[in-house]
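The values are calculated or read from the model by the stated rules, or taken from the named source; none is laboratory data. Keep in mind that this is a model prediction, so the values were computed, not measured. Cβ: placed from backbone, ideal geometry, glycine included. Neighbour counts: every protein chain shown. Keep in mind that these areas ignore ligands, DNA and RNA; they rest on the heavy atoms of the full protein, side chains included. Shrake-Rupley method; radii C 1.70, N 1.55, O 1.52, S 1.80 Å.
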Amino acid sequence: MTERQAPALQGRTVVMTRAMEQQSEGRRLLEALGAKVLDLPALEIGPPDHWGALDDALAEWDTFHWLIISSANGANAVEERLQQQGKTLSHRPSSLKIAAVGRKTARRLEELGSEADFVPPEFVADSLIEHFPVSGWGLRILLPRVQSGGRTVLAEAFGEAGARVVEVPAYESRCPKAIPAATLDALRAGTVDAICFTSGKTVLHTTHLLAQSMGEEEATAKLKRAAVVSIGPQTSDRCRKLLGRVDQEAHPHDLEGLVMACVQAMQNGDSL
């Protein structure tokens, strides 16, 4: 009789950085592999400073050819503001197509009754640009996005391709005030095996919160004990800039890929 193999992350402690409202899915995936999961909410999702630009754009959404949604937060914000105008994504104009960056964004659109017309093969903005199904020339594109800190690559690329891009703030991701005590204690004790980052802002806010809680020098030393796992290229760049390294990057660039990258990081560490 063969011995049953232990779950891939059995006995490991993993810190998951996400928005405060979005902890459960990553926790479920990691715990299914045996990990002890500690939450580090590194983003607070809220409204932009002003709704006017988004509201004005949605009031004339029948003049746009494409609506590009790059996150579930963007989808939620658009639906919320449409409902203020007596509209919904599920009853969008027949002339308006929707592109979604990532499976989670596409799933959220489906839940809202408005399936995306195009989802790129890689779940990053660059893939959407590379594989976009039509020429950008002459298109009018609505691009709701985070108010600050996000990339402008989509607007720039489509603008260069001849599209008229209306880029508007749809939500903001702000830094929380503190780290949960259990997570901070584990980081201080050096018992965290891996820390998973889901965006460039989660890296920025985590480093800020840790420096605020224990001082920059101690925070840097404690993070060296944990594998740094990133969800995608831009997050990895921020990890290298602020932490000096990234040990594993997700592929595909979504939560499932992030969890598998965490497994790989642990296996790589064991083989050293």
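General observations
- Placing unit charges on the Cβ atoms of the charged side chains and taking the dipole of the chain about its Cα centre, the candidate lying farthest along the positive direction among I195, W51, L139 is I195.
- Springs between Cα atoms under 10 Å define the GNM used for the chain, and in it the highest mean-square fluctuation of R225, R18, R238 occurs at R225.
- Using 0.36 nm per residue and subtracting the Cα-Cα separation, the extra length available between H131 and T63 on full extension is 22.1 nm.
- A probe of 1.4 angstrom, applied to the heavy atoms of all protein chains, finds I231 with accessible area near 30 square angstrom.
- Whole-angstrom gap from the stretch 38-62 to the stretch 208-272, using each part's C-alpha centre: 28 Å
- Nearest-10 value in Å² for the accessible area of L243, using the 1.4 Å probe: 40 Å²
- Magnitude of the charge dipole, the chain, Cβ model with Lys/Arg +1 and Asp/Glu -1, debye to 20: 480 debye
- Across the protein chains, with a 1.4 Å probe defining accessible surface, the residues M16, M214 rank M214, M16 from largest area downward.
- Placing a label point 7 Å from the Cα of E44 along the Cα-to-Cβ direction, the residues of the stretch 171-189 with a backbone N closer than 14 Å are 172-180.
- Rounded to 5, percent antiparallel among DSSP beta bridges of the chain: 10 percent
- Option label - semi-axes √(5λ) of the Cα gyration tensor in Å computed here, alternatives [x] 41, 19, 15; [y] 30, 23, 21; [z] 36, 20, 17: [z]
- 5 angstrom amide H check on E249, placed H, neighbours 5+ away: S230
- Placing pseudo-labels 7 Å out from each Cα toward the beta carbon at A32 and R164 gives an inter-label distance of 4.6 nm.
- Each residue of the stretch 161-177 was assigned a 3J(HN,Hα) from its phi angle through the Karplus expression (A = 6.51, B = -1.76, C = 1.60, θ = phi - 60°), giving 7, x, 8, 9, 9, 9, 9, 9, x, 10, 6, 10, 10, 9, 7, x, 8 Hz with x at Gly and Pro.
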